[in-house]
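Novice: Once you've had a glance at the structure underneath, I'll fire off some questions.
The values are calculated or read from the model by the stated rules, or taken from the named source; none is laboratory data. Keep in mind that this is a model prediction, so the values were computed, not measured. Heads up, the Cβs are rebuilt from the backbone with ideal geometry, glycines too, and the neighbour counts pull from every protein chain shown. Side chains included, ligands, DNA and RNA excluded: accessible areas come from the protein's heavy atoms. Shrake-Rupley method; radii C 1.70, N 1.55, O 1.52, S 1.80 Å.
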Amino acid sequence: VWINLGVCLTQNETATVNGEELTKKGCYARAVTFGEKSVPGWINLGNSLGAGELIKVGDIEVAKKNCFAKACELDPRNPKPWNNLGVELKSNETIQVGSETKGKKDCYVRAVECNPELFNAWCNLGMEMRPDGAVKVNDENITKKDCFIKALERNGTFFTAWNNLGVLLEGEITAKVNGKPYTKKQCFAKALEGNANSAIGWNNLGAELEDDETVAVGDREYTAIDCYAKAAEVDDEYSAAWSNLGAALSETVNSAKVGDKQFDKRACYIKALECDDQNDHAWNNLGNSVSPEEKVVVSGQDFTQVDCYVKALEVDDTSALTWDNLSIAMNDKDVVSVNGEEFTKEQCIEKGKDADDE
């Protein structure tokens with residue numbers, strides 16, 4: 001009855017029982033207090049708690065992970081609490097389930113052993129594994145790539161699995177899903193067919209396309225510029241997408257429409273830096289777009305060409321290209337300060353050579 005009452009309530013709704021107001025999670029807490037072996041009660045209680053939230057059950061306080069661990073202990077063949085428990089654990093964290101100690105990856109393995117059709121558990125397991133790693137699932141050796149393939153064989157529109165499979169593949173190496181081979185960019189395109197509102201997905205796809213190359217997503221062809229523009233449109237605070245969009249623009253296509261505005265290269269780099277002033281690629285590329293006599297305004301502050309290269313190096317001082325750009329932009333007698341250390345033009349040239357050698 002307590003579980004049924006909890007199910008009936010919304011997250012912010014309460015019910016009055018014998019003069020006491022109870023929330024959804026309060027009902028589930030009562031359910032497991034009176035019926036400690038109620039697996040649905042523990043699962044529902046875990047699902048109703050927020051991240052880091054504690055609730056008292058009897059004399060002890062429990063968090064989400066404790067609820068799922070208890071459900072796993074009571075019903076070790078139930079895949080859902082195992083998957084939920086894996087989600088709640090940190091990568092190096094362990095928890096006691098009955099007499100066994102389980103880590104995040106262990107939980108996902110148990111979930112797919114209990115139900116091999118649980119596609120999200122396969123994907124979660126893949127994301128937890130090293131690229132060269134393997135685990136035993138029902139006596140079968142499973143790689144990271146296998147996990148994403150298994151997830152997609154059970155749900156062919158699962159964005160996260162397609163995107164992760166694409167990230168894993170290199171060059172023209174393919175992965176077969178239901179007997180059909182897919183390249184890296186084809187995986188990213190399939191991911192977007194499942195979720196066209198992913199800025200990361202559009203950015204990933206754009207990074208795989210050559211200048212004049214197109215790829216089909218749904219019933220339309222997209223260039224790299226189109227992909228980066230879509231990424232920036234979906235999330236206009238996504239610095240990498242703005243920076244990549246700027247880099248993709250050329251003399252042939254010198255601006256792109258994002259929302260209802262046109263952006264040229266420089267405007268893209270400025271937008272990227274307004275989103276994240278630690279984007280060293282955007283600083284370097286912005287410097288390339290500025291003439292030695294010009295100043296450009298970023299977040300209300302003026303920057304010269306030299307300033308842009310210095311800002312890039314203050315984020316990453318191992319870039320040979322940026323050191324070279326800085327040395328070219330400097331006059332012979334100029335001295336610049338990078339992270340508190342002063343450099344002459346000649347010293348910048350040497351730093352570029354050293355970075356190249358490394």
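Novice: Among the charged types (D, E, K, R) and under 27 Å from Asp354 (Cα atoms): is that true of Asp317 in this structure?
Specialist: Here the answer is yes, as Asp317 does meet what is asked.
Novice: Same structure again: Counting residues that are over 17 Å from Tyr228 (Cα atoms), of a type in the set (Asp, Glu) and within 30 Å of the chain's Cα centre (by Cα), which strands (runs of 3 or more DSSP E) fully inside the range 245-358 reach at least 3?
Specialist: Per the criteria, no element qualifies.
Novice: Considering only the range 298-314, state which residues are closer than 16 Å to Ile270 by Cα and either surrounded by fewer than 18 Cβ atoms within 10 Å (Cβ to Cβ) or touching a residue at least 40 places away in the same chain (Cβ under 8 Å) (or both).
Specialist: First, the residues of the range 298-314 that are closer than 16 Å to Ile270 by Cα: 298-312.
Correct list: Ser299, Gly300, Gln301, Asp302, Thr304.
Novice: Inside the range 136-151, can you point out the residues that are within 23 Å of Thr94 (Cβ to Cβ) and open to solvent by less than 20 Å² (accessible area, probe 1.4 Å)?
Specialist: Val137, Ile142, Cys147
Novice: Can you tell me which of (1) within 30 Å of Phe148 (Cβ to Cβ); (2) in contact with a Lys or Arg (Cβ under 6 Å, 6 or more places away or on another chain); (3) not polar (S, T, N, Q) is the one Leu74 doesn't meet?
Specialist: (1)
Novice: Got a number for residues in the range 298-337 being more than 14 Å from Ile349 (Cβ to Cβ) and hydrophobic (A, V, I, L, M, F, W, C)?
Specialist: Looking only at that region, the number is 7.
Novice: Across the range 315-340, which residue is nearest to Ala272 (Cα to Cα) among those that are open to solvent by less than 70 Å² (accessible area, probe 1.4 Å) and in contact with a strand residue (DSSP E or B) (Cβ under 8 Å, 6 or more places away or on another chain)?
Specialist: Applying the filter and picking the extreme gives Leu326.
Novice: Looking at the range 109-120 only, could you name the residues that are in contact with a strand residue (DSSP E or B) (Cβ under 9 Å, 6 or more places away or on another chain) and either open to solvent by 50 Å² or more (accessible area, probe 1.4 Å) or not β-branched (Val, Ile, Thr) (or both)?
Specialist: Residues satisfying the conditions are Arg110, Glu113, Pro116.
Residues are listed down the side, and each one gets a yes or a no for (1) over 24 Å from Trp242 (Cα atoms); (2) at pLDDT 95 or above:
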site	(1), (2)
Trp122	yes, yes
Met127	yes, yes
Pro131	yes, no
Phe159	no, yes
Leu165	yes, yes
Leu169	yes, yes
Thr174	yes, yes
Val177	yes, yes
Leu205	no, yes
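Novice: Output the helices (runs of 4 or more DSSP H) that fall wholly within the range 157-212 and possess 2 or more residues being open to solvent by 50 Å² or more (accessible area, probe 1.4 Å), or say none. If you could, list the steps in order and put the result at the bottom.
Specialist: Numbers: elements: 159-168, 184-194, 199-207.
Once the helices (runs of 4 or more DSSP H) in the range 157-212 are filtered for at least 2 residues that are open to solvent by 50 Å² or more (accessible area, probe 1.4 Å), what remains is 184-194, 199-207.
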